[in-house]
Structures are given as C-alpha cells and as structure tokens.
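What follows is one structure encoded as structure tokens, with my remarks underneath.
Just so it is clear, none of the values below were taken in a lab; they were calculated from the coordinates. Worth saying up front: this structure is predicted, and the values here are computed from it rather than measured. In this analysis, Cβ positions are derived from the backbone assuming ideal geometry, glycine residues included, and neighbour counts consider all displayed protein chains.
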C-alpha cells in the first residue's frame with residue numbers, strides 16, 4: 001500500500017495505554033478530533049462502491065450545491081418503513097439444509113450493525129423445520145401436568161395480563177461453532193458468530209401464569225413445546241421459569257415476527273437460545289426433564305473423554321470485535337475506533353479489555369451505558385494504527401468474575417468436538433497492507449483458511 | 001381452592017426470594033404480578049390429546065406395537081430419502097453405522113453411540129419425523145421405526161416387537177455418557 005499519509009499528527013497528550021497504539025478510552029470524550037469509523041470504511045464501503053461504479057456517469061452530474069433530491073418533492077408517507085436502498089447489502093446470511101430449506105440458521109450481520117439492539121428483520125434465526133405462519137385465533141397455550149388447574153390461555157386473554165419489558169440477548173448454543181475447526185473462519189464476523197442478537201422483549205412473567213395454574217410441590221421442570229412442524233420440546237428448570245423467564249409477545253415494541261415465534265415465544269434470559277421456545281403452545285410441569293432429542297443428542301457438548309456435558313443451559317460470557325472485520329482492509333494508518341459487543345448469561349458485563357499486540361498488553365475499553373444484565377454491551381477503544389502488523393483481541397469479564405478464555409484454554413478443557421458453547425477470545429491479525437484476517441494465533445499461516453468443516457457438524 | 005392458590009403463590013414468592021438472593025443482581029428483582037385469571041379449564045381428554053411428551057421413565061409411551069421388520073419397510077419408503085440406506089449417507093445426519101465411537105479425532109455421533117434413551121427416539125420420531133410430513137406416522141409405525149433404528153445400531157435383535165413394555169427393557173449403550181452441568185452447578189451453589 002503506497003498511500004501511507006501522515007495522519008498521526010495527534011496532540012502529545014494522547015499517550016498509548018497499551019502496546020501497538022491503543023489509546024486512552026476517554027479519547028472519544030475529547031472534542032475536535034476526527035475519526036474514521038472502521039465500520040463504515042470496511043463493511044458498508046463495498047455496497048457504496050458498487051452503487052458508485054454502477055452510476056459513475058450519473059454521479060458526475062449530481063449538483064453538490066442542490067442535488068436532485070432537493071429539487072423535487074420526496075416520497076410520500078409509508079405504512080411500514082424499510083431501510084434505504086443503499087443499505088441493501090446489510091442482510092442475514094441463511095445457511096440451510098439443501099433438501100429442507102427451513103432446517104438451518106440465518107446469521108445476523110453483527111459486523112454491519114451498531115449499538116446494542118438488533119433490528120427485528122436482522123435478528124438471527126434458527127429453525128428446525130421452517131417458520132410456521134400461525135393464525136393467532138387458532139393458537140392457544142396449554143399449561144398442564146403437575147398443576148392444580150390445567151388451563152388454556154388464548155392470545156386475546158393473554159393480552160390482558162400484566163407485562164414486563166426486558167432487554168436481553170438470545171444466543172444459539174451453536175453460535176461460533178466454526179471456531180472449533182482446525183482453521184480459523186475468514187467470514188465477516190456476523191456470518192460465523194452471528195447466531196446471537198439482542199432485543200427489548202415484552203411479555204408476561206411466566207411466574208404470573210404459573211401462579212394461576214398453581215404449581216404442585218413435586219414439579220421441578222417445565223417442558224415447553226412449539227407449534228412448528230418440528231413440534232420441538234425442551235425442558236427448563238422451574239427455578240429459572242419463576243425467576244426471570246417470560247412469555248414474550250412483543251419484540252422491540254412490535255408484535256413478534258413469525259421467525260421469532262409469533263404469536264408468542266418463551267424468553268429464558270441468558271440461557272441457550274433453543275430453550276427460548278418459539279411458537280410455544282404447551283407447557284407441561286413435571287418432576288423431571290423430558291430428555292428430548294435437543295437436550296440429549298443435540299445441544300450437549302462431547303468431551304475428549306467420550307462423555308458429554310448436558311443441561312449446560314447458561315451462556316458463558318463472550319466478546320467479539322465487530323469492527324474491524326475479517327477479510328476487509330483498513331484503508332491506511334491513522335486513528336480508528338475498535339468496537340464490539342460483549343455479553344454474559346450470568347449477568348452484567350463488568351469490563352472489556354482490548355489488546356493490539358496479541359495479548360501482551362491490555363487496556364480497558366469504554367462501555368456504552370446503561371449496562372444491562374444478560375444483554376449486549378457495546379465497547380469502544382481508540383487505536384492509532386502505525387501500519388505495522390498488529391493482533392487485535394477483546395476479553396470480557398462479567399460481574400461474577402468470570403473471564404472469557406483464550407481458545408487454547410477452551411480447547412484444552414473441552415476438546416474440539418463439543419460443537420456448542422464456544423466463547424473463546426477471537427484474534428484478528430492486521431497485516432502491513434491493512435488486510436484484516438481472523439486467526440487463532442499470531443503464528444498461524446494467514447493462508448491456512450481451509451473452510452471445510454473438520455470439527456464434526 | 002382460593003386459599004390453596006394463595007398458599008401456592010406465597011410459596012412461589014418465597015422460592016423466588018430465595019433464588020433472588022443468590023442469582024438476581026441488585027437491580028433485577030422480579031416480583032410476581034397478579035394476573036386476571038382468564039385461563040379456560042382444559043378437560044382430561046383435551047390434555048391427553050395434546051400430551052405427546054415421552055419421558056425417559058416411560059411415562060407417555062402409548063399403546064401399540066411395531067416390529068423391526070415392519071420398521072425396515074417404513075424406513076425404505078419414508079426415511080431413506082434423507083437418511084440413506086442403513087441410516088448412513090443421506091443429506092441428514094447419520095443414524096447408525098458408527099465404527100469408532102465418540103473418542104478420537106473423528107467422533108461418530110449416532111443413535112447407538114450417543115443417544116442415552118430409547119424413549120427419546122420414540123418421542124422425537126413421533127413429533128418431528130419425517131420432516132416433509134411430520135405427524136403422519138401412527139403409534140404402531142413409530143414403534144416399528146424405533147425398533148428398526150435400534151436394530152440398525154446393533155442394540156436389539158431382528159425379532160423384536162417393540163411396545164411400551166419392551167421399549168423400557170432396551171438399555172442404550174451411552175446411558176451413562178452424560179454429565180449434568182446444571183445439577184453440578186446447583187450442588188456447588190448449595
């Protein structure tokens with residue numbers, strides 16, 4: 001790269017706080033400095049460039065003093081807003097069974113999003129046999145089993161119940177599963193780690209409904225079942241249901257989308273996504289878990305010993321750098337903002353540290369507030385890239401003191417065939433020409449990116 | 001009845017408080033708001049018709065039966081397209097045919113090597129399979145397919161007729177292959 005401009009004329013007060021150009025997190029509070037937003041440069045740029053080149057002649061004609069959109073009335077009002085056509089590359093990435101297209105997942109484009117709330121149309125999806133189109137008039141919830149009264153609740157009835165709103169993440173137990181492979185995935189972040197999203201959910205505390213049916217003393221588990229073609233069933237401990245679980249009806253202010261469980265789903269904050277049963281229609285109270293397929297042969301983690309972890313339930317703390325993004329270029333040396341997301345199924349994020357020198361030194365990132373338990377927390381770190389190779393990492397510590405592990409540590413404890421619950425620190429290598437690539441270790445060959453899956457799918 | 005419900009509510013609240021002191025963070029204490037009691041009583045028949053959970057102790061297994069031989073024939077017409085001949089090689093995951101087991105560089109997760117309970121096989125087949133026509137197999141057919149899959153994995157012999165009694169006599173090879181992390185954590189927190 002030839003265009004290494006001298007963009008580093010920074011005030012002397014900006015002393016690095018850790019190796020390879022990490023600056024004080026309070027930097028962004030200072031005024032009068034211009035920053036290049038990496039997200040814009042690295043990820044939105046391709047679509048903008050594409051648009052620009054398609055209409056490059058047109059571009060030349062656009063009058064910068066009074067552009068065409070200032071010379072005619074704009075579009076009329078709309079019933080339901082959609083994103084700008086210039087943002088049409090910001091999409092989920094579906095990856096489904098070729099024979100059964102409703103069996104698979106679609107990945108949320110975390111690397112193209114900002115803040116902490118996932119737009120409803122970009123929330124990740126994991127379906128086992130497609131998205132049912134449920135007529136709410138023909139959908140009821142039955143609560144039965146070890147209860148005093150076995151009751152049906154219609155949607156109309158449920159709409160009269162007291163509600164609560166809660167912002168929390170949902171993460172699929174299988175999120176980040178390609179990181180168990182021998183070679184690091186080179187996909188943009190969301191397309192390998194985007195089976196996680198965060199929304200503001202509104203619904204009825206499960207404890208309210210359970211109080212109404214009257215839970216019998218012997219009951220320990222709820223077995224929830226969805227009204228999809230899979231009729232998926234999952235067991236949830238009663239304690240959790242009585243603590244902070246809800247029957248969610250709304251997502252980010254509007255009724256649930258079909259792919260998120262319309263007309264209603266369970267919300268089990270901080271626990272494996274699969275427990276947040278979508279399209280829920282039946283809850284059986286029982287003294288034992290049902291030992292469903294998805295809690296025995298799936299969503300369990302095989303260890304090197306041949307034994308499997310089951311009912312892992314809680315999602316461990318994880319952090320990911322969302323910008324810069326693997327397989328894109330940092331345009332030139334200079335001042336940038338490293339940003340990303342952190343969360344923990346145990347509660348609040350306490351701190352996120354960032355390293356630019358492969359974990360030799362770390363500095364604490366700034367966290368956007370308010371910090372909400374079991375929800376995305378956005379972290380930010382100013383960084384002056386000097387044009388030399390760098391290795392970026394982020395590491396979260398949650399309020400219980402749990403620290404996100406390095407990959408070596410996780411693999412040493414769990415082997416590579418667990419498939420679920422991958423939460424290790426991610427490393428991004430920045431090469432001299434600005435190319436960013438996901439690696440497991442600094443010494444990894446950057447070209448070793450065999451995308452074949454070798455860790456057992 | 002009303003008093004009993006109140007008692008249960010009080011019990012539930014005290015359970016919640018107990019949990020709250022251990023789990024919930026200081027700004028996340030949830031109370032139990034009172035609901036308007038709009039639930040409609042479900043009859044025993046309605047509940048029975050919807051209850052398809054089959055537990056590992058056999059609760060929920062229906063009447064009916066099916067043989068390995070019948071199961072083989074159903075498998076040929078309804079399962080083979082995705083799961084392949086002999087439970088291996090289709091677009092879906094392998095069901096049988098493991099030679100190496102669960103340790104080593106290429107673990108083989110099949111019904112025979114991984115699944116801890118035969119009841120799960122019945123429950124899952126009845127509720128979710130076949131993917132293109134879920135809910136289309138009757139109880140006899142589900143018993144038969146379950147019998148055939150157990151046979152393919154070398155767990156039962158060819159003459160087996162599976163019903164709710166004989167299914168409970170099946171011992172899956174990996175029944176002791178699981179570590180219950182939730183229970184482990186609960187013990188630790190005690």
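Counting, for every residue in A:127-137, the Cβ atoms of other protein chains within 10 Å of its Cβ and taking the mean gives 1.
Mean partner shielding of peptide B:85-94, defined as the number of other chain Cβ atoms within 10 Å of each residue Cβ, is 1.
In units of the compact-protein estimate 2.2 N^0.38 Å, segment A:120-309 shows a Cα radius of gyration of 1.05. In segment B:66-138, the ratio of gyration radius to Kirkwood radius, Rg to Rh, stands at 0.98 when only Cα atoms are counted. Out of every Cα-Cα pair in segment A:98-150, what percent are more than 14 Å apart? The calculated P(r) of segment A:98-150 puts 71 percent of pairs beyond 14 Å. Computed on the Cα trace of segment B:86-128, the radius of gyration divided by the Kirkwood hydrodynamic radius gives Rg/Rh = 1.00. In a fully extended conformation the segment linking residue A:164 and residue A:386 would gain 75.1 nm over its present Cα-Cα distance, using 0.36 nm per residue. Taking every residue in A:155-165 and counting other chain Cβ atoms within 10 Å of its Cβ, the average works out to 3.
Would you mind giving the three semi-axes, in whole Å and largest first, of the ellipsoid equivalent to segment B:95-190 according to its Cα gyration tensor?
Computed over segment B:95-190, the values are 26, 18, 14 Å.
Evaluate the Kirkwood expression for the hydrodynamic radius of the protein assembly as shown, namely the inverse of the mean inverse distance over all pairs of different C-alpha atoms, and round to one decimal in Å. Taking the inverse mean of 1/r over all distinct Cα pairs, the protein assembly as shown comes out at 26.7 Å. Between the Cα long axis of helix A:45-54 and the first principal axis of chain A there is an angle of about 70°, rounded to the nearest 10.
Site pair residue A:400 and residue B:188 shows an inter-label distance of 0.7 nm when each label is modelled 7 Å from Cα along Cα→Cβ. Protection proxy ranking of A:111-122, A:340-351, B:33-44, by the mean of other Cβ atoms within 10 Å over each peptide's residues and highest first, is A:340-351, A:111-122, B:33-44. Reported to the nearest whole Å, the Cα centre-to-centre distance from segment A:392-433 to segment A:342-381 is 14. Peptides A:159-172, A:400-413 ranked from most to least packed, by the mean per-residue count of other Cβ atoms within 10 Å: A:159-172, A:400-413.
Applying 1/(1 + (r/R0)^6) with R0 = 60 Å to the Cβ-Cβ distance of residue B:168 and residue B:37 gives a FRET efficiency near 0.90. Separation of segment B:157-180 and segment A:266-328, taken as the distance between their Cα centroids, equals 26 angstrom. Model label sites at residue A:156 and residue A:75, defined 7 Å from Cα along the beta-carbon direction, differ in position by 3.7 nm.
With the convex hull of the Cα atoms taken as the outline of segment A:337-447, the averaged projected area works out to 7.7 nm².
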